[in-house]
Amino acid sequence: MPESTDPPEVRRISRVEFDALFASVRTWGRWSHADRGAWNLATPERVRRAARLVRDGTAVPLGLPWNTRPGPDNPRPALHYMSDLGDVEPPEPATHKDFLGADYHGKAVTHLDALAHVAYRGRLYDGRPARACVGADGVRFGSVAALGPLVAKGVLLDLPAVLGTDWLEPGRAVGAADVVAAERALGAAVDEGCAVLLRTGRFRRRRALGPWDVGAASAGFAVDALPLLAERGIGLLGADGDSDVRPSPVEGLHSPVHALAVAAMGVPLLDNLDLEELSAACAAAGRYEFMLVVAPLVVPGGTGSPVNPVAVL
């Protein structure tokens, strides 16, 4: 049975407290290739480490189906239409073509947030002024094109599995203590350069109860988890939501985890992952560490990219 619909109390945090926290996890000036941020940790040795985690070769896609249906969690549906039905070119062979388009920075498309996506107090990661780096023609720092592909050790923090519930209710915050408890229960270690994926059971809940406005209420990380993740030196953060607990616990700030991870720590984010199949595969294998492959589109000046990451066990 799911846990109670009453989420535990989330401590409110002032902007003064948040600014001190932001300064404490900031890694500005660390990297010579600053627009790659924590993806600089994806060294050849760490790629080889990730490859050693492949044992039975099970490949699990983590992307959602392309979502063209409007709903409370999809106010700007993706586009898909046929642009060639095979009747506009000489035959043999006939070809069929279609168009895809998406305003993907939302709650319905699985996507990667590059470092240009988030600014806090007017600054992108590494202290770059957002006004000088972002224009109508795209971005000049922190573009998704600067990242390239990522192969890394992935760790699934499967909180519903740890807590013995079907899902976390919207508003449930996952704090540092929850991360440590999940590591112990699942036998997984969050360490330098790894990709941390948080499963809250969002899509199991959605399939059981229907869609809801996840921008108003969703389970996700509490801000107190970010200093722990910064201390461990993670390279990527992702979730079946957008990593932020909502409503936000920080006054006047709608996405504090985005600000801490992207703008302070230089850690790209994966949003709206479907982690249900991966949860089942990890449970069957008895391990919650795997190789993760993320290959964003090469969009010069882009703030991110739709993606279909793959976990390989």
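The values are calculated or read from the model by the stated rules, or taken from the named source; none is laboratory data. In this text, all values refer to a predicted model and were calculated from it rather than measured experimentally. Don't worry about glycine lacking a Cβ; one is built from the backbone with ideal geometry, like all the others, and counts go over all protein chains shown. Calculation scope for accessible area: heavy atoms of the full protein, side chains included, ligands and nucleic acids excluded. Shrake-Rupley method; radii C 1.70, N 1.55, O 1.52, S 1.80 Å.
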For a label point 7 angstrom out from the Cα of Trp66 toward its Cβ, which stretches of the stretch 95-132 have the backbone nitrogen within less than 18 Å?
95-112
Ordered by packing density, taken as the mean number of other Cβ atoms within 10 Å over each peptide's residues, highest first, how do 52-65, 190-203 rank?
190-203, 52-65
Ranked by how many other beta carbons lie within 10 Å on average, peptides 156-167, 218-229 from highest:
218-229, 156-167
Going by average Cβ neighbours within 10 Å, how do the peptides 13-22, 231-240, 258-267 rank, with the highest at the top?
258-267, 231-240, 13-22
Please say if the stretch 216-296 is rounded, prolate or oblate, where rounded means a/c under 1.5 for a ≥ b ≥ c the square roots of the C-alpha gyration tensor eigenvalues, and otherwise the choice is prolate for a/b larger than b/c and oblate otherwise?
prolate
Plugging the Cβ-Cβ distance of Glu192 and Phe99 into 1/(1 + (r/R0)^6) at R0 = 30 Å yields, to the nearest 0.05, a FRET efficiency of 0.10
Let me know the Rg and Dmax you get for the chain when you use only its Cα atoms, in Å.
19.5, 68
Could you look at the stretch 257-313 and say what percent of its accessible area is carbon and sulfur, using a 1.4 Å probe and all protein chains?
64 percent
Taking every pair of alpha-carbon atoms in the stretch 113-217, what share in percent sits in each 10 Å bin, from 0 to the bin with the longest distance?
12, 28, 30, 25, 4
Beta bridges by DSSP in the chain, antiparallel share as percent, to the nearest 5
65 percent
Zero-based 5 Å bins, Cα pair distances in the stretch 194-252, whole percents
4, 17, 24, 23, 15, 10, 5, 1
Local net charge near Val60, Cβ-Cβ under 11 Å (Lys/Arg +1, Asp/Glu -1)
-3
Provide the net charge surrounding Asp274, with neighbours chosen by a C-beta distance below 14 Å and charges set as Lys +1, Arg +1, Asp -1, Glu -1.
0
Nitroxide proxy distance, nm - points 7 Å out along Cα→Cβ at Ala217 and Val299
3.1 nm
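What does the net charge come to around Gly301 if you take all other residues with beta carbon closer than 12 Å to its beta carbon, with K and R at +1 and D and E at -1? Walk me through the numbers on the way to the answer.
Numbers: positive: Arg140; negative: Asp35, Asp137.
Local charge sum for Gly301: -1.
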Taking all protein chains in place and a 1.4 Å probe, what share, in percent, of the accessible surface of the stretch 139-180 do carbon and sulfur account for?
58 percent
Dividing the helical contributions, -39500 (n - 2.57) per DSSP H run of n ≥ 4, by the residues of the chain yields a 222 nm value, nearest 500 deg cm²/dmol, of -5500 deg cm²/dmol
Evaluated at q = 0.12, 0.19, 0.22 Å⁻¹: base-10 log I(q)/I(0), Debye formula over Cα of the stretch 135-279
-0.48, -1.16, -1.48
For the stretch 1-119, with all protein chains present and a 1.4 Å probe, just round the carbon and sulfur fraction of the accessible area to a whole percent.
56 percent
Quick calc: nm separation of the 7 Å Cα→Cβ label points for Arg76 and Ala51 -> 3.9 nm
Counting residues in the stretch 53-194 as N, plug N into 2.2 N^0.38 Å and put the Cα Rg over that result.
1.46
Zone residues, the stretch 49-67, relative to Arg206, backbone N less than 18 Å from point 7 Å out along Cα-to-Cβ
61-67
By the Cα gyration tensor axes a ≥ b ≥ c (a/c under 1.5 gives rounded; else a/b larger than b/c gives prolate, otherwise oblate), the shape of the stretch 29-105 is prolate
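Excluding ligands, DNA and RNA, what is the solvent-accessible area per residue of the stretch 44-178 at a probe of 1.4 Å, expressed in Å²?
Dividing the accessible area of the stretch 44-178 by its residue count gives 51 Å².
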